[in-house]
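The values are calculated or read from the model by the stated rules, or taken from the named source; none is laboratory data. Please read these numbers as outputs of a predicted model, since none were measured by experiment. Counting neighbours? That spans all protein chains shown, and the Cβs are built from the backbone with ideal geometry, glycine included. Side chains are part of the model used for accessible areas, which takes the heavy atoms of the whole protein and leaves out ligands, DNA and RNA. Shrake-Rupley method; radii C 1.70, N 1.55, O 1.52, S 1.80 Å.
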Amino acid sequence: MSNIYTVSEMFIGQWSSSARLDGKTVIITGANTGIGKETTRDLAKRGARIIMACRDLEKAEKAHKEVMEDSGNQNIMIRKLDLSDTKSIREFAEVINNEERALHILINNAGIMMCPYSKTADGFEMQFGVNHLGHFLLTFLLIDLLKRSAPSRIITLSSMAHGWGTIALDDINSERNYHSRRAYGQSKLANILFTRSLAKKLKDTGVTAYAVHPGIVRTELKRHMNLGLLIMWKVVRPFTKTPVQGAQTTIYCAVQPELDKESGGYYSNCRPSRCTRAARDDEMAEKLWELSCKMLGIVWE
């Protein structure tokens with residue numbers, strides 16, 4: 001990846017805007033910690049109505065209380081969502097579609113990184129299942145509400161780590177060969193390819209899509225790192241971003257007015273960024289879309 005990212009691109013990036021989100025409804029997955037919590041805090045201060053979609057309700061309650069006190073915004077609620085279980089995703093979406101009149105911003109933020117091999121409730125490799133398939137299904141189930149609420153936006157957190165993986169169509173669940181770093185890279189590559197396909201399919205609907213690399217951020221995601229990676233982490237830590245800094249590009253893609261005219265791009269440090277050639281492969285993006293639909297048992301033309 002060294003030929004793609006400069007040091008400044010990996011570590012720097014602050015942005016500020018006075019844009020308001022009064023009257024807008026936002027869903028943020030993984031809103032109880034790290035980048036998700038800081039995104040929630042910022043958008044709450046802008047007046048948005050926020051639905052925190054979280055697996056850990058105890059952590060969510062603490063974050064909810066903190067964000068409400070800090071922002072002065074009481075229009076924030078928690079809903080249970082476990083992205084490793086399609087039943088939970090469908091139940092969450094049913095509640096949203098029944099209770100909400102509009103959805104203006106969907107932020108697919110939650111993620112799992114370099115965990116030991118395990119499977120979701122539906123038998124998908126955990127990282128691909130949560131990071132890609134979970135958000136793919138969630139977006140599918142909420143897409144009609146997003147269309148009715150247009151102009152609306154879908155922001156999916158990817159990573160520069162998309163360069164670590166390839167889409168293994170014949171072994172998508174890494175059953176024959178599992179390497180935690182490559183599997184994480186595959187899931188993050190899938191996030192960008194999903195965003196590209198989504199933008200094409202949503203052309204002229206008023207719904208736009210963006211993939212985001214937040215930077216190298218000090219969050220709980222590193223909890224599964226092996227000793228070698230943890231040693232490397234200690235070396236680069238002084239140059240990494242805080243969760244507040246890491247949330248900036250997500251916030252930028254959520255509120256920047258000019259982005260209404262853009263869709264399908266990959267953003268880092270609050271501006272368009274470069275991704276790998278594999279992440280620009282529209283033929284693979286289409287194959288991944290078809291496979292994802294098949295795995296989830298859905299039809300999404």
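What is segment 44-137 by shape, rounded, prolate or oblate, if you read a ≥ b ≥ c off the alpha carbon gyration tensor as root eigenvalues and call it rounded for a/c under 1.5, prolate for a/b larger than b/c, and oblate otherwise? Prolate, because a/c is 1.5 or more and a/b exceeds b/c. Compared with the alpha-carbon gap, the fully stretched path from Arg271 to Ala150 is longer by 41.3 nm at 0.36 nm per residue.
Across the options Ile143, Leu81, His132, the greatest Cα extent toward the positive end of the charge dipole of segment 24-175 (unit charges at beta carbon of Lys, Arg, Asp, Glu) belongs to Ile143. For the Cα trace of segment 25-95, dividing Rg by the Kirkwood Rh returns an Rg/Rh value of 0.96. With Rh defined as the Kirkwood radius, the inverse of the mean 1/r over Cα pairs, the Rg/Rh of segment 102-178 is 1.04. Database remark: amide H of Asp122 closer than 5 angstrom to the amide H of Thr86 (H placed geometrically; neighbours at sequence offset of 5 or more, or on other chains; Pro and chain starts carry no H).
Expressed as a whole percent, the accessible surface of the chain that belongs to carbon and sulfur atoms is 50, based on a 1.4 Å probe. For Asp282 and Lys59, the FRET efficiency from 1/(1 + (r/R0)^6), where r spans their Cβ atoms and R0 equals 41 Å, is about 0.60.
A quarter of the convex hull surface defined by the alpha-carbon atoms of segment 159-200 gives 3.0 nm² as the mean projection. Over the chain, Cα pairs under 8 Å with separation of 6+ residues give a relative contact order of 20 percent. Across every pair of different alpha-carbon atoms, what Kirkwood hydrodynamic radius in Å does the chain reach? Across the chain, the inverse of the average 1/r is 19.0 Å. Extension gain for the segment Met77 to Ser16, taken as residue separation times 0.36 nm less the Cα-Cα distance, is 19.4 nm to one decimal.
Multiplying the residue separation of Leu291 and Glu175 by 0.36 nm and subtracting their alpha-carbon distance yields 40.1 nm.
Taking all protein chains into account, the per residue accessible area for segment 112-198 stands at 31 Å² (1.4 Å probe).
In summary, the helical segments of the chain meeting the span-like criteria, namely a full DSSP H run, a Cα extent along the axis of 18 angstrom or more and a mean Kyte-Doolittle hydropathy of at least -0.5, are 135-148, 282-296.
Distance between the modelled labels on Lys119 and Ala168, one decimal in nanometres: 1.5 nm (7 Å Cα→Cβ projection).
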